[in-house]
Amino acid sequence: MTNLDIQKIRKDFPILDEVINGKQLVYFDNAATTQKPVQVLDALVNYYGHYNANIHRGIHHLAEKATSAFEDSRKAIRAFLNAKSTEEIIFTYGTTDGINLVAQTYGRHCTMADALRRKGVRFEGDSDKRCW
């Protein structure tokens with residue numbers, strides 16, 4: 001396993017330079033809000049400063065530029081994750097939204113019997129297959 005240089009990683013997060021009550025900030029509330037590295041902050045400033053527009057909606061230059069950047073990010077993420085296609089890359093508003101999307105998608109294919117099996121109810125001839 002590679003050793004991580006925590007101080008080098010912290011330098012990518014400007015907010016971690018904050019001192020609160022005389023102590024260097026340590027942030028653990030990532031379930032609520034994740035802090036952004038400088039690379040993300042720079043990308044946001046670039047977006048809002050140069051091509052702030054709705055994606056997949058407009059036919060003007062800014063909308064086309066924003067859509068292109070959005071789809072380029074999908075391609076980069078596809079390559080990073082080694083996904084088969086960009087259609088496999090779905091952006092959500094956050095972890096809870098993503099989990100709910102997965103649960104609802106699988107839930108549409110479950111029957112009441114599947115739900116009862118997950119609760120431990122066994123039926124005659126019940127297989128070990130589970131809905132999710």
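Inside region 11-29, can you point out the residues that are part of a helix (DSSP H, G or I) and under 27 Å from residue 93 (Cβ atoms)?
Here is the first cut: in region 11-29, the ones part of a helix (DSSP H, G or I) are 11, 14-17.
14, 15, 16 - these are the residues of region 11-29 that are part of a helix (DSSP H, G or I) and under 27 Å from residue 93 (Cβ atoms).
If we keep just the residues of region 12-29 that are free of Cβ contacts under 8 Å to residues at least 12 places away in the same chain and in contact with a helix residue (DSSP H, G or I) (Cβ under 9 Å, 6 or more places away or on another chain), which is surrounded by the fewest Cβ atoms within 10 Å (Cβ to Cβ)?
Start the filter on region 12-29 by keeping residues that are free of Cβ contacts under 8 Å to residues at least 12 places away in the same chain, which leaves 17-26, 28-29.
Imposing the further condition that a residue be in contact with a helix residue (DSSP H, G or I) (Cβ under 9 Å, 6 or more places away or on another chain) reduces the set to 17, 24-26.
Details: 17: 10, 24: 10, 25: 14, 26: 8.
Only one residue fits best here, namely 26.
Considering only residues that are part of a loop (DSSP other than H, G, I, E, B) and hydroxyl-bearing (Ser, Thr, Tyr), which ones fall in region 42-63? Give the derivation first.
We begin by selecting, within region 42-63, every residue part of a loop (DSSP other than H, G, I, E, B); these are 51-60.
Hit for region 42-63 is 51, nothing else.
Let's see how each residue does on (1) part of a loop (DSSP other than H, G, I, E, B); (2) surrounded by 11 or more Cβ atoms within 10 Å (Cβ to Cβ); (3) not polar (S, T, N, Q):
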| site | (1), (2), (3) |
| --- | --- |
| 9 | no, yes, yes |
| 31 | yes, no, yes |
| 34 | yes, yes, no |
| 40 | no, yes, yes |
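Among the residues of region 5-60, which ones are among the aliphatic types (A, V, I, L, M) and either touching a Ser or Thr at 6+ places or on another chain (Cβ under 6 Å) or more than 30 Å from residue 97 (Cα to Cα) (or both)? Please lay out each step first, then the result.
Taking region 5-60 first, the residues among the aliphatic types (A, V, I, L, M) are 6, 9, 15-16, 19-20, 25-26, 31-32, 38, 40-41, 43-45, 53, 55, 59.
The answer is 19, 20, 55.
Quick note: the coordinates plus some simple rules give every number you see, no bench work behind them. Note that the structure is a prediction, hence the values are computed from the model and not measured. When we count neighbours, we look across all protein chains shown, and the Cβ atoms used for this are built from the backbone with ideal geometry, even at glycine.
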